[in-house]
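See below for the structure under consideration.
Bear in mind these aren't lab numbers, they're just calculated from the coordinates by the rules spelled out. Predicted, not measured: the structure shown is a model, and the values here were computed from it. Here the Cβ is made from the backbone with ideal geometry for all residues, glycine too, and neighbour counts use every protein chain on show.
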Amino acid sequence: MVVKNTPFLLQIGLTSPLLLNSTVIDFKQLVLDIHLIYDNEFLKPVSFVKTKPCDFKSTVNERGDQVSINAKIKVLTSQV
């Protein structure tokens, strides 16, 4: 559970290297994005007009195998 406008931390790590055409891929090479979705069987993204309903900043560790994401939900779905 998260609270509107209160930052929360997500940490994502790789347990083994990702390979793409025999090339090792890590978080330094990826573009990360997050989306707020409705909690139902369809997993539909929350639509918006001007302001994205969530904001985040990510930091990748030196090895590239872990990313820390500081996220904040700015809009409740009932306000969209």
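Values computed for the structure shown
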read-out	value
Peptides 64-70, 50-56 ordered by average Cβ neighbours within 10 Å, highest first	64-70, 50-56
Pairwise centroid distance, computed over Cα atoms, of segment 31-80 with segment 1-15, Å	10
Answer label, with Cα extents along the principal axes in Å calculated from the coordinates and candidates [x] 35, 29, 23; [y] 45, 26, 20; [z] 45, 26, 24	[z]
18 Å Cα-Cα reach of K72 towards lysines, excluding residues that sit fewer than 8 places from it in its own chain	K4, K50, K52, K57
Computed label-point distance, nm, for sites A71 and H35 using a 7 Å Cα→Cβ extension	1.3
Length-normalised contact order for the chain - Cα pairs under 8 Å, 6+ apart - percent	41
